[in-house]
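Peer 1: Quick one: the structure is below, questions incoming.
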Amino acid sequence: MNVIKKVLTATALAGMMVAIAGAAQARDQIRIVGSSTVFPFSTTVAENFGKTTGFKTPVVESTGSGGGMKLFCAGVGVEHPDITNASRRIKSSEYEDCTKNGVSITEVKIGFDGIVLANSKESDRFELSLQQIYMALAKQVPVDGKLVDNPYQKWSDIDPSLPDSKIEVLGPPPTSGTRDAFVELAMEGGAKKFDSLADLRKSDSKAFEAVAHTIREDGAYIEAGENDNLIIQKLEANPKALGIFGFSFLDQNADKIQGSIVDKTEPTFDNIASGDYGVSRSLYFYVKKEHVGSVPGIAEFVKAFTSDDAWGDEGYLADKGLIPLPTKERTVIGNAAQGLEQLSM
């Protein structure tokens, strides 16, 4: 009887091992998560990749940069994604999570993007300074040298030259890389314009960051989720509102919406590429090295993404609004990406 039990147990274990091995090889399609800003670029490469190679078209999900990193760094195996997109660089805490869970990474910077504040073409175009953006959206602002809860309800409360309409800005949630970059570039940039906050930055950088990066929660700023196309639809429905998203969405919807002029500079392809438009950032994707060779096509997808046909000056991603890297930088990053060079921090 014991012999029979042992045989049955061994058979069951063998069956489980076969099932596990089968599951490990069950996914023959690349899975990509992450940034809503990088999503249209990644989707375009994925569709082209599926049409021009023998591999299946990768599945691309828009989860936000933070949400994508959480999924990506959770572990190794087919239940975890192979690539995550990000509209800001990986944080050291995320890198540590990846390392702790056995995930080693190749980092690929793909180009630049501008963060725009845009509104419907049915209304006048906004002309704003970084200081005015901070005053409109910060939870606390300096008034007569003291920090107070934001008192500004209308744009004209900030400056009589601005529209006499309610401050209403649709923007991304905290999980979004666009939000991270917006508070760092626009909000912090505006906060530095106040002498009292510039002094605070010198004396207590953490306290300054808390003031500069905290967005008001009284209804003036409305979290609109990770779907930037939904923000554009809402701007069409409400011409008095502003929305925050990446330049590519402005570029693709230029018949409906217009980008605000920020610090006397218009958000255009050339202004972002030259660095003249101040609210701009780098875009990335990250590859899970442990999945290369297990999930078919990952190395080939990286090569396709970093080809001149895709991310080059005249590549098809530029037509989608991606601001290409300078040629020399693109060559260095492309070689490292195609060699699956491991990131260390």
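The values are calculated or read from the model by the stated rules, or taken from the named source; none is laboratory data. Quantities reported herein were computed from a predicted structural model and do not represent experimental measurements. No Cβ is skipped: glycine too gets one built from the backbone with ideal geometry, and neighbour counts run over all protein chains shown. All accessible areas refer to the heavy atoms of the entire protein, side chains included, with ligands and DNA or RNA removed. Shrake-Rupley method; radii C 1.70, N 1.55, O 1.52, S 1.80 Å.
Peer 1: With 148, 143 as the choices, which residue is in contact with a Pro (Cβ under 9 Å, 6 or more places away or on another chain) and modelled with pLDDT under 95?
Peer 2: On the way: 148 fails: modelled with pLDDT under 95.
Criteria check complete, one pass: 143.
Peer 1: Where the second residue is assigned to a helix (DSSP H, G or I) and surrounded by fewer than 22 Cβ atoms within 10 Å (Cβ to Cβ) and the first is in contact (Cβ under 8 Å) with a residue 60 or more places away in the chain and lies in the stretch 66-80, which pairs have Cβ atoms under 7 Å and are six or more apart or on separate chains?
Peer 2: Listed pairs, sorted by first residue: 76/290; 78/23; 78/24; 80/71.
Peer 1: Just for the stretch 151-179: of the residues that are hydroxyl-bearing (Ser, Thr, Tyr) and out of contact with any Gly (no Cβ under 7 Å at 6 or more places or on another chain), which one is nearest to residue 138 (Cα to Cα)?
Peer 2: In this case the residue turns out to be 152.
Peer 1: Only one of (1) modelled with pLDDT under 95; (2) more than 25 Å from the chain's Cα centre (by Cα) is not met by residue 170, so which one is it?
Peer 2: Of everything listed in (1) modelled with pLDDT under 95; (2) more than 25 Å from the chain's Cα centre (by Cα), residue 170 misses just condition (2).
Peer 1: Scanning the stretch 251-273 for residues that are part of a helix (DSSP H, G or I) and among the polar types (S, T, N, Q), which turns out nearest to residue 127 (Cα to Cα)?
Peer 2: The selected residue is 271.
Peer 1: Determine, yes or no, whether residue 110 is closer than 25 Å to residue 186 by Cα, among the β-branched types (Val, Ile, Thr) and modelled with pLDDT of 95 or more.
Peer 2: Here the answer is yes, as residue 110 does meet what is asked.
Peer 1: On to the next question. Does residue 99 satisfy the criteria of being of a type in the set (Ser, Thr, Tyr) and touching a Phe, Trp or Tyr at 6+ places or on another chain (Cβ under 8 Å)?
Peer 2: Working: of a type in the set (Ser, Thr, Tyr): yes; touching a Phe, Trp or Tyr at 6+ places or on another chain (Cβ under 8 Å): no.
When the stated conditions are applied, residue 99 does not pass them.
Peer 1: Being closer than 14 Å to residue 65 by Cβ, in contact with a strand residue (DSSP E or B) (Cβ under 7 Å, 6 or more places away or on another chain) and β-branched (Val, Ile, Thr) is the filter here, so list the residues in the stretch 169-182 that pass it.
Peer 2: Correct list: 178 only.
Peer 1: Identify the residue in the stretch 300-309 that is out of contact with any strand residue (DSSP E or B) (no Cβ under 9 Å at 6 or more places or on another chain) and touching a residue at least 60 places away in the same chain (Cβ under 8 Å) and, among all such residues, is surrounded by the most Cβ atoms within 10 Å (Cβ to Cβ).
Peer 2: 304
Peer 1: Could you tell me which residue of the stretch 80-101 is most open to solvent (accessible area, probe 1.4 Å), considering only residues that are over 30 Å from residue 255 (Cα atoms) and in contact with a Gly (Cβ under 7 Å, 6 or more places away or on another chain)?
Peer 2: Ranking the qualifying residues of the stretch 80-101, first place goes to 101.
Peer 1: Only helices (runs of 4 or more DSSP H) wholly contained in the stretch 283-339 count here; list those with 1 or more residues that are under 16 Å from residue 72 (Cβ atoms), touching a Pro at 6+ places or on another chain (Cβ under 9 Å) and hydrophobic (A, V, I, L, M, F, W, C). Steps first, answer last, please.
Peer 2: Values: elements: 298-305, 308-311, 327-338.
The qualifying helices (runs of 4 or more DSSP H) are 298-305.
Peer 1: Pick from the stretch 29-79 the residues that are among the acidic types (Asp, Glu) and in a loop (DSSP other than H, G, I, E, B): which of them is least open to solvent (accessible area, probe 1.4 Å)?
Peer 2: 61
Peer 1: Looking at 297, 321, 293, which is the one that is on the phi > 0 side of the Ramachandran plot and open to solvent by 30 Å² or more (accessible area, probe 1.4 Å)?
Peer 2: When all the criteria are applied, what remains is 293.
Peer 1: While we're here: Kindly indicate whether any position in the stretch 119-134 is at positive phi, part of a loop (DSSP other than H, G, I, E, B) and at pLDDT 95 or above.
Peer 2: There is no residue in the stretch 119-134 that is at positive phi, part of a loop (DSSP other than H, G, I, E, B) and at pLDDT 95 or above.
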